[in-house]
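Everything on this sheet refers to the single structure shown next.
The values are calculated or read from the model by the stated rules, or taken from the named source; none is laboratory data. The model shown is predicted, which means the values in this text are computed figures rather than measured ones. Every residue, glycine among them, receives a Cβ derived from its backbone with ideal geometry; neighbour counts consider all protein chains shown. With ligands, DNA and RNA removed, areas are computed over all heavy atoms of the protein, side chains included. Shrake-Rupley method; radii C 1.70, N 1.55, O 1.52, S 1.80 Å.
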Amino acid sequence: MSVFKGVMYEGEMVFFIEGGPLGEEGTYIIVSDDPTVEERISKIMEKLNTPSVIFLARDEYERFKSELEKKAKRVW
């Protein structure tokens, strides 16, 4: 997705899960070990069309990788 161009760094990943428990558009899951990632994403939040964003460190991603890849679509 072009909204992430210039915001995400090499090696970082973004997944999207359709829908959500509160009826929102969906949830973005950002995988990064960079401490500035939340600040960078906050600058494009209104373009994401959902308030639901989850941040995972790389080691957390590795634990949930198989489940995440089944339920979510990688968009970056």
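Observations on the model:
- Over the chain: helical MRE at 222 nm, DSSP H runs n ≥ 4 each giving -39500 (n - 2.57), nearest 500: -8500 deg cm²/dmol
- Straight-distance candidates among the aspartates and glutamates for linking to Lys73, with alpha-carbon spacing under 12 Å and chain neighbours fewer than 8 residues away dropped: Glu18.
- Of the GluC sites (Glu not before Pro) in the range 39-76, not one is in a loop by DSSP (not H, G, I, E or B) with at most 10 other beta carbons within 10 Å.
- Dipole size of the chain about its Cα centre, with +1 on Lys/Arg Cβ and -1 on Asp/Glu Cβ: approximately 260 debye, rounded to the nearest 20.
- Backbone amide hydrogens, once placed in the peptide plane, bring Phe55 within less than 5 Å of Ile30, excluding anything fewer than 5 places away on its chain.
- Averaging 1/r over every pair of different alpha carbons in the range 22-76 and inverting the result gives a Kirkwood radius of 12.2 Å.
- In the chain, the portion of solvent-accessible area held by carbon and sulfur atoms comes to 50 percent [1.4 Å probe, whole percent, DNA, RNA and ligands not counted].
- Counting only residues at least eight positions apart within a chain, or on another chain, the lysines with an alpha carbon under 16 Å from that of Lys5 are Lys43, Lys47.
- Gain on full stretching of the segment that runs from Glu18 to Asp59 - 0.36 nm per residue minus C-alpha separation: 12.4 nm
- Accessible surface, per residue, of the chain when the full set of protein chains is kept, probe 1.4 Å, Å²: 67 Å²
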